[in-house]
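Working notes, beginning with the structure itself.
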Amino acid sequence: MADLFFYGTLCHVPLLERVLGRTDLNLAPAVLEGHSAYWARDEAFPVIRAEAGGRAEGLLARGLGDGDVERLRFYEGAFDYGLRPVPVRAGAAEVEAQVFFPAENRWPVGAPWSLADWAGRWADQQMRAAIEIMAWFGRMDAAKMEKRFVPIAIRAHSWIAAQGRPADAERDLAQDVVVHTHRRPYVNFFSIEEVDLQYRRHDGQMSPVLNRGAFMVGEAAVVLPYDPVRDRVLLVEQFRAPVYLAGDRAPWVWEPVAGLVDPGETAEEAAMREAEEEAGLTPHRLEKVGEAYSSTGASNEYLTLYVGICDLPDLPEGGGGVAGEGEDLRSRLLSFDELMQGVDDCTWRDMPLVTTALWLARHRDRLRNKG
């Protein structure tokens with residue numbers, strides 16, 4: 001049996017229970033003297049370091065079993081943390097407890113840590129991410145899981161956003177959808193989830209048990225750069241592996257600027273960031289085209305589409321994508337007439353491009369008059 005002291009996100013008891021997979025925990029407030037907790041700079045979790053006069057408040061979990069510790073090692077290993085024994089004070093008693101310390105120089109230090117601030121902004125997302133992370137306990141080691149944590153966080157952020165959209169007023173999901181099994185057979189930059197379920201049909205009866213799967217992506221922002229003065233747009237071209245895997249002999253595809261919405265970002269912020277990264281542009285403003293799932297029968301990808309009002313006298317310098325993410329893009333300027341000719345000729349093979357082009361055709365006069 002082991003005692004562990006937590007000073008960060010695992011002081012949020014619902015998250016700790018989710019990681020351990022049980023609720024019958026022996027917990028008590030505790031303090032680690034001579035140490036202080038800080039936000040990891042630009043991250044949603046803390047680091048702890050030895051500091052004269054420091055006092056890290058947290059939570060002591062008593063009597064954890066080997067299985068509990070292994071689950072915690074797996075979860076914290078995704079953040080590159082390891083266990084070390086230290087003396088902590090719980091009430092009037094001093095006990096030796098194991099504490100997860102970050103790897104040396106792994107995370108730059110930010111402001112003093114606040115569990116309340118973290119809970120207000122990040123707890124729901126981290127609770128969701130923990131479901132996917134812990135689904136792989138026993139099937140993947142922590143080092144591999146660490147490489148998948150960012151896309152897991154992106155998918156968790158997307159799930160929380162989806163929960164905030166209006167519910168179907170005509171249906172009660174608790175009664176109208178029954179999930180018998182839920183499996184996660186694949187996780188990487190994207191993931192696959194598979195379910196055996198029933199849903200209520202339009203005649204009021206429940207369907208047979210059906211096996212269905214989904215390609216889990218997250219939220220994405222799409223922006224078609226448009227110069228209303230010169231009446232031209234900018235497109236980017238990049239290699240698309242799914243198009244290649246489909247057997248298509250032209251897997252380099254012309255598209256608007258697009259990218260996943262990072263945790264903590266809005267779709268608007270993601271659109272502006274992607275415009276800079278992929279095309280070297282900073283739009284003056286974004287005109288919202290709409291929001292939609294890209295393929296409701298296959299994927300959870302949810303798109304927010306924009307037309308970005310820009311100056312496009314020449315091809316901008318910069319852009320080209322993020323090399324560390326394997327991106328390699330080139331840009332192209334087209335007149336509005338060339339863009340629409342491509343729609344009419346079925347030249348464009350990217351649905352967001354066709355959608356934003358048709359929206360632009362509908363609103364072009366207004367945008368040109370507005371500038």
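Where a number appears in this text, it was derived from the coordinates with a stated rule and is not lab data. Here the structure is a predicted model, which is why all the values come from computation and not from measurement. All Cβ positions, glycine included, derive from the backbone under ideal geometry; neighbour counts span all protein chains shown.
At a glance:
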item: Those residues of segment 101-129 whose amide nitrogen sits under 17 Å from the label point placed on Val150, 7 Å along Cα→Cβ; result: 106-108
item: Ala116-Ala162 pseudo-label distance in nm [points 7 Å out on the Cα-to-Cβ vector]; result: 3.4
item: Listed residues Ala56, Ala174, Ala221, most fluctuating in the chain (Gaussian network, C-alpha, under 10 Å); result: Ala174
item: Isotropic mean projected area of the C-alpha convex hull, segment 168-216 (nm²); result: 4.1
item: Those trypsin sites (Lys or Arg not before Pro) in segment 155-202 that DSSP places in a loop and that have at most 16 other beta carbons within 10 Å; result: Arg171, Arg201
item: Charge context of Trp118, other residues only, Cβ under 13 angstrom, K/R +1, D/E -1; result: -2
item: Choice from Ser158, Ser207, Ser294 with maximal GNM fluctuation in the chain (Cα, 10 Å cutoff); result: Ser207
item: Under 18 Å from Lys144, Cα to Cα: aspartates and glutamates that are on another chain or at least 8 residues apart; result: Glu70, Glu76, Asp80, Glu132, Glu325
item: Dipole magnitude of segment 19-66 about its Cα centre (Cβ charges: Lys, Arg +1; Asp, Glu -1), debye to nearest 20; result: 60
item: Rel. contact order, % - alpha carbon contacts under 8 angstrom, at least six apart, segment 128-199; result: 28
item: Computed lengthening from Arg273 to Met140, 0.36 nm per intervening residue step minus Cα-Cα distance; result: 44.6 nm
item: Loop trypsin sites (Lys or Arg not before Pro), segment 1-106 (other Cβ atoms within 10 Å of the site Cβ: 13 or fewer; DSSP); result: Arg22, Arg41, Arg106
item: Full-extension gain in nm, Val343 to Val209, via 0.36 nm per residue minus C-alpha separation; result: 44.1 nm
item: Estimated [θ] at 222 nm from DSSP helical runs (n ≥ 4, -39500 (n - 2.57)) normalised by residues in the chain, nearest 500; result: -9500 deg cm²/dmol
item: Dipole of segment 219-370, positive end: most advanced residue of Gly259, Pro352, Gly321 [Cβ charges, Cα centre]; result: Pro352
item: Among Gly290, Gly321, Gly53, residue whose mean-square fluctuation peaks in a GNM of the chain (springs only between Cα atoms under 10 Å); result: Gly53
item: Volume per residue that the Cα convex hull of segment 73-134 spans, once the total is divided by residue count, Å³; result: 133
item: Virtual spin-label span in nm between Thr181 and Leu83, 7 Å along Cα→Cβ; result: 3.3
item: Under 10 Å, Cβ to Cβ, from Gly318 - net charge with Lys/Arg +1 and Asp/Glu -1; result: -4
item: Over segment 168-216, relative contact order from alpha-carbon pairs under 8 Å, at least 6 apart, %; result: 32
item: Fraction of beta bridges assigned by DSSP in the chain that are antiparallel (%, nearest 5); result: 85
item: Neighbour-count ranking [beta-carbon atoms within 10 angstrom, fewest first] of Glu104, Glu237, Glu274, Glu301; result: Glu104, Glu237, Glu301, Glu274
item: Amide N proximity, segment 212-235 versus Arg364 label position 7 Å along Cα-to-Cβ, cut-off under 17 Å; result: 224-235
item: Simple Cβ-charge dipole of the chain, Lys/Arg +1 and Asp/Glu -1, about Cα centre, in debye nearest 20; result: 500
item: Cα-only radius of gyration and Dmax that characterise segment 309-371, units Å; result: 14.0, 41
item: From phi via Karplus (6.51, -1.76, 1.60), per-residue ³J(HN,Hα) for segment 229-245 in Hz, x at Gly/Pro; result: 6, 8, 6, 9, 10, 10, 10, 10, 10, 8, 6, 10, 4, x, 5, 4, 5
item: Enclosed volume per residue, in Å³, of the convex hull spanned by Cα atoms of the chain; result: 188
item: Cleavage-rule hits (trypsin sites (Lys or Arg not before Pro)) in segment 222-325: DSSP loop, at most 11 neighbouring Cβ within 10 angstrom; result: Arg249
item: Rg [Å, one decimal], Dmax [Å, integer] - segment 1-135, C-alpha atoms; result: 13.9, 40
item: Local net charge near Arg232, Cβ-Cβ under 11 Å (Lys/Arg +1, Asp/Glu -1); result: -4
item: Under-5 Å amide H pairs with Val109, H placed in peptide plane, nonlocal only; result: Arg41
item: Relative contact order (%) - criterion: Cα under 8 Å, at least six apart; region: the chain; result: 12
